[in-house]
Amino acid sequence: MKLASLKHGRDGRLVVVSGDLERYVDAGSVAPTLQAALDDWATAGPALAGLAKDLEGGAGETFDPAACSAPLPRAYQWADGSAYVNHVELVRKARGAEMPESFWTDPLMYQGGSDSFIGPQEPVLAASEDWGIDFEGEVTVITDDVPMGVSAADAVAHVKLLMLVNDVSLRNLIPGELAKGFGFFQSKPSSAFTPVAVTPDELGDAWRDGKVHLPLLSYLNGEAFGKPEAGVDMTFDFGRLIAHAAKSRPLAAGTIIGSGTVSNKLDGGPGKPVADGGVGYSCIAEIRTIETIEHGTPRTPFMRFGDRVRIEMLDAEGRSIFGAIDQLVEHYTG
């Protein structure tokens, strides 16, 4: 089952989307918004699945991703992990920070702003290119109500939907913020999500062991930038990440948990660009780190106004699963 929120008010209008992302039907007879459906998933889930079955028979209106907000335009919680420790190691190296050994056994996670998510084709806004505008391609899950202290083994059953995210980072603002010892805030602007969120069964065998075993594709200005395998080098699966978030508090239905930037090693090393035969990267910061290691200075610039980023995931038959995040970077003037 695939669900989307068409732009409408603060929380969107819930629709069910066909598997080929071509058509949709209104889901207002079941729930007005995705959050309302998640609040009563035991009842709403089967009812929405019924609409999805009817939709596959050929009914519905034409689906336009540009008409979509994020599936959850605002959420009660957005907690982003760093499950791909290779990424953590590289970006810390870029700013001259050592990585504690505990990072391989205890997940990193930050609580991001969740009150102003943006749609899949809405622009990334920044007031200055000097902020170091970067994209970050990730896999995310949406949970139902999760009890405090849930085990990692039990936590996976609380995954009701999956999406992709562009977790935008303003790299040049990060060092100053982290130096204060209080974490990210200004350096993490509004995130963008794919047009649709899908139930785990839509992924078939690609969803197993709390991971998505498919490449995450990213393009910068039309050129392939990354295609790392999301199921490889993921040190902490989503069960571990959810359990980590719920260690000392329950998680409300509609909580979004992110994987962190998808990142693969190559023969034990940091990987290679797509153009050089590697799987590339899901953010610019990684390639800049590798360029610094190899050449003494980064060569790839962060994004500038007018740049375009696209993030997508295809199934084994080459069909888009979630639809694409496709965004321009634009100058915010107030």
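Looking only at the stretch 119-138, count every residue that is open to solvent by 30 Å² or more (accessible area, probe 1.4 Å) and part of a strand (DSSP E or B) and tell me the total.
1
Among the residues of the stretch 195-215, which ones are in contact with a Cys (Cβ under 9 Å, 6 or more places away or on another chain) and of a type outside the set (A, V, I, L, M)?
Here is the first cut: in the stretch 195-215, the ones in contact with a Cys (Cβ under 9 Å, 6 or more places away or on another chain) are 195-196.
Selection gives Pro195 alone.
Within the stretch 274-306, which residues are of a type in the set (D, E, K, R) and open to solvent by less than 30 Å² (accessible area, probe 1.4 Å)?
Let us first name the residues in the stretch 274-306 that are of a type in the set (D, E, K, R), namely 276, 286, 288, 291, 294, 299, 304.
Glu286, Glu291 - these are the residues of the stretch 274-306 that are of a type in the set (D, E, K, R) and open to solvent by less than 30 Å² (accessible area, probe 1.4 Å).
Mind checking which residues of the stretch 290-312 are closer than 18 Å to Val168 by Cα and either of a type outside the set (Lys, Arg) or under 20 Å from the mean Cα position of the chain (by Cα) (or both)? Show your work before the answer.
Going through the stretch 290-312, the residues closer than 18 Å to Val168 by Cα turn out to be 300-312.
Selection gives Thr300, Pro301, Phe302, Met303, Phe305, Gly306, Asp307, Arg308, Val309, Arg310, Ile311, Glu312.
Take Ala275 and tell me if it is out of contact with any helix residue (DSSP H, G or I) (no Cβ under 8 Å at 6 or more places or on another chain) and not in a loop (DSSP other than H, G, I, E, B). Step through it out loud before you land on a result.
Values: out of contact with any helix residue (DSSP H, G or I) (no Cβ under 8 Å at 6 or more places or on another chain): yes; not in a loop (DSSP other than H, G, I, E, B): yes.
For Ala275, the condition - out of contact with any helix residue (DSSP H, G or I) (no Cβ under 8 Å at 6 or more places or on another chain) and not in a loop (DSSP other than H, G, I, E, B) - is met.
The values are calculated or read from the model by the stated rules, or taken from the named source; none is laboratory data. As the structure is a computational prediction, the values presented were derived from the model and not from experiment. Please note: Cβ atoms are built from the backbone with ideal geometry, for glycine as well, and neighbour counts cover all protein chains shown. Heads up: the accessible areas ignore ligands, DNA and RNA and are worked out on the full protein's heavy atoms, side chains in. Shrake-Rupley method; radii C 1.70, N 1.55, O 1.52, S 1.80 Å.
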